[in-house]
1. Neighbouring Cβ atoms within 10 Å as the yardstick, rank Cys344, Cys148 fewest first.
2. How big is the shadow of the Cα convex hull of the chain, averaged over all directions, in nm²?
3. Which whole-number percent is the relative contact order of segment 248-362 (Cα, under 8 Å, 6+ apart)?
4. Relative contact order for segment 243-311: what is it in percent, counting Cα pairs under 8 Å that are at least 6 residues apart?
5. For the charge dipole of the chain, defined by +1 on Lys and Arg C-beta atoms and -1 on Asp and Glu C-beta atoms about the Cα centroid, which residue among Val223, Thr80, Gly173 has the Cα displaced farthest towards the positive pole?
6. Rounded, prolate or oblate for segment 67-135? Axes are the square roots of the Cα gyration tensor eigenvalues, ordered a ≥ b ≥ c, and the cut-off for rounded is a/c under 1.5.
7. Modelling each spin label as a point 7 Å along the Cα-to-Cβ direction, I'd like the Ala168/Glu146 distance in nm, to one decimal.
8. List the residues whose amide H sits under 5 Å from the amide H of Ile100, counting only those 5 or more places along or on another chain, with H placed 1.01 Å from N in the peptide plane.
Amino acid sequence: MIIFNDIKRLIDKEGDELKEVINNVLKSGRYAMGENVKNFEKEFAEYIGTSHAISLANGTDALEISLRAIGIGKNDSVITVANAGNYSSTAIHLVGAQPIYVDVDPITFNLDVEKLKSLEFNKKAPKALIITHLYGRLSDVITIREWCFKRNIKIIEDCAQSHGATIANKFAGNFSDLACFSFYPTKNLPALGDAGAIVTSDSYLAEKINSLRQYGWGEKYQVNIPGGRNSRMDEIQAAILRYRLKGLGERNSQRIKIAQYYSSNIKNPSISIPSIPCEGHVAHLYVIRTGSRPELQKFLLNNNVASDIHYPIPDHLQLKRMNSTSRTLAQTELLAKEILSIPCYPELSYSEVEYITSICNQWNN
Ligand SMILES: Cc1ncc(COP(=O)(O)O)c(C=O)c1O
């Protein structure tokens, strides 16, 4: 069976090097907020090209803390998409705000800027927008930024699926007030458990986030701002991320090669392939479309190829959540019924990629 995302292969490949990274932390006697955390923050900010990176416990905390840092709370509304696993919706609800969902573009799977431009606000205008760069591809950040700037709407990028993705040679994370990362074990830059970060070039916001992640402290044990909590990255995750950051570019190139192979070689009239490769895409997921998804998924499984759905239920349909500003999200809802992710991770062998392609081509719907 080709596992959908066999993360153990990376660990096996890293072998003794990874063990040494972890052993060094064990020997150090410092397991939280030590040198690895400090250095990871410095190295990650340098890599992305921002002045600051603040490490956190996970990517959802990054979204929530970002919203708090820019002052989003009760009775506020935040624009976002509904096709990204409920992450931004969770954060928006946690701060007591309401999401305003915008439909997505069926080619890029990202926010549809024409739909954004047609939004009308009858009551209070939204205060923030979360741009999710889904599957490894940046949204049309330039147009979105311009639209938000004119309306005094703050922008948060969700880069959990786009470590190293670019537009005009600039990495995801450089197009907003605050940008959020997850380092969940399946991400392009993976930890060995939960971890996250916010990057920014705004020193005032960086300081505020630094406090919010540790109880609102300024000095130790002295609460300076409300709304704080504990969301620290631990030393072991920081050490692993420092080590893996060095290999991110190479692993992204490998993902892109796999995506390129699929895009050139999957030729089945019943399967639509995604618009990758395209500029700056880091192929976090390779998502195909078909009107007969259960049949294709079963055929793949019968031929020892695992697949997954990212994501089967749009956010506005979760928990029958009609308290959010409900609107028709035709593309989001259609995509949720047709999308299917096939294996795309750097440790897949050439023959496995070839095999998956041939199985896709053999499927006779
Ligand atoms: C697009 C997106 N946003 C946010 C998150 C949340 O990150 P985490 O699982 O680290 O909380 C994830 C990942 O799971 C994600 O894929």
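1. So the residues, fewest neighbours to most, are Cys148, Cys344.
2. Details: hull surface 73.2 nm².
It is 18.3 nm².
3. On the way: 131 pairs, mean separation 42.5, N = 115.
Relative contact order, segment 248-362: 37 percent.
4. Relative contact order of segment 243-311: 25 percent.
5. Val223
6. Values: a/c = 2.41, a/b = 1.35, b/c = 1.78.
Oblate, since a/c reaches 1.5 and b/c is not below a/b.
7. If labels sit at Ala168 and Glu146, their model points lie 1.0 nm apart.
8. When sequence neighbours closer than 5 places are left aside, the close amide H contacts are Val78, Ile79, Thr80.
Each value in this text was obtained by applying a stated rule to the coordinates, not by laboratory testing. None of these values were measured; they are calculated from a predicted model. Methodologically, a virtual Cβ is constructed for each residue, glycine included, from the backbone with ideal geometry; neighbour enumeration extends over all protein chains shown.
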